[in-house]
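Visitor: One structure coming up, written as structure tokens, with questions to follow.
The values are calculated or read from the model by the stated rules, or taken from the named source; none is laboratory data. Everything quoted here is computed from the prediction, not taken from an experiment. Heads up, the Cβs are rebuilt from the backbone with ideal geometry, glycines too, and the neighbour counts pull from every protein chain shown. We work out accessible area using only protein heavy atoms, side chains counted, and drop any ligands, DNA or RNA first. Shrake-Rupley method; radii C 1.70, N 1.55, O 1.52, S 1.80 Å.
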Amino acid sequence: EAAVTQSPRNKVAVTGGKVTLSCNQTNNHNNMYWYRQDTGHGLRLIHYSYGAGSTEKGDIPDGYKASRPSQENFSLILELATPSQTSVYFCASGDARGGAEQFFGPGTRLTVL
Amino acid sequence: GEQVEQLPSSLIVQEGASVLINCSYTDSASVYFPWYKQEPGKRLQFIIDIRSNMERKQTQRLTLLFDKKTKHLSLHITATQPGDSAIYFCSASTGNNRIFFGDGTQLVVKP
């Protein structure tokens, strides 16, 4: 069964509202990542984590917060959602050793109206 | 930081044809290069990788070539099938747990 899951799979939010995207992995990986995917931009890294309690800023962190309460769970939080945050969000997990593939979740399609 | 560029951005071929996807990167410290495939509406799936101490890697219908001197990779897919239709992503990593992705190449294989 899938080792990286995301919820919700689809979300419609209003501008100014709070949105929380959740990710769970059963790979026992130390590292977890949040990306957004927009047409013409590939995947851009928002936040990542090296383990429970740690979060690091990626390339486009503005407007997003992250939380890693446990090895298995990594959340992405939009405190004040804006229409520019409409996108598909992917979570991934990866081994802590350098140079290892990442395993992706199925994605969350977020629409901010 | 690292920048990864892929060409072409899209390809349309007939079933059975071979395709070549080119990828270049900028950071000479990058040592690991995984490639991913994303079928429509699906998650990214790892398909093949290569490390900087290798020049070539092959698995089934995929051949990945790496030129460290020119900072260039190319993915060759032979005997394409409609099921190969997807977006293919090149990526690069210095081994510090971060991976930088190209913008992807959309491949359409017509039956």
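Visitor: So which strands (runs of 3 or more DSSP E) are wholly in the stretch B:37-111 and hold at least 1 residues that are touching a Lys or Arg at 6+ places or on another chain (Cβ under 8 Å) and either exposed (fewer than 13 other Cβ atoms within 10 Å of the Cβ) or more than 14 Å from chain A (Cβ to nearest Cβ) (or both)?
Guide: B:62-67, B:72-77
Visitor: Need the failing condition index for B:PHE33 against (1) surrounded by fewer than 21 Cβ atoms within 10 Å (Cβ to Cβ); (2) within 11 Å of chain A (Cβ to nearest Cβ); (3) within 22 Å of A:HIS41 (Cα to Cα), just the number.
Guide: Exception for B:PHE33: condition (1).
Visitor: Which condition does B:LEU20 not pass, out of (1) surrounded by fewer than 20 Cβ atoms within 10 Å (Cβ to Cβ); (2) within 14 Å of another protein chain (Cβ to nearest Cβ); (3) at pLDDT 95 or above, if it passes all the others?
Guide: Answer for B:LEU20: the failing condition is (2).
Visitor: Considering only the stretch A:17-58, how many residues are among the basic types (Lys, Arg) and either more than 13 Å from chain B (Cβ to nearest Cβ) or in contact (Cβ under 8 Å) with a residue 60 or more places away in the chain (or both)?
Guide: Here the count works out to 1.
Visitor: Within 12 Å of another protein chain (Cβ to nearest Cβ) and within 13 Å of the chain's Cα centre (by Cα) - does that describe any residue in the stretch A:68-85?
Guide: Scanning the stretch A:68-85 turns up no residue that is within 12 Å of another protein chain (Cβ to nearest Cβ) and within 13 Å of the chain's Cα centre (by Cα).
Visitor: State all residues of the stretch A:6-35 that are within 17 Å of B:ARG43 (Cα to Cα) and open to solvent by less than 20 Å² (accessible area, probe 1.4 Å); if no residue qualifies, say none.
Guide: A:GLN6, A:LEU21, A:CYS23, A:GLN25, A:MET32, A:TYR33, A:TRP34, A:TYR35
Visitor: Test A:THR111 against the criterion of being within 18 Å of A:GLN6 (Cα to Cα), surrounded by fewer than 21 Cβ atoms within 10 Å (Cβ to Cβ) and away from every other protein chain (no Cβ under 14 Å), and give yes or no.
Guide: yes
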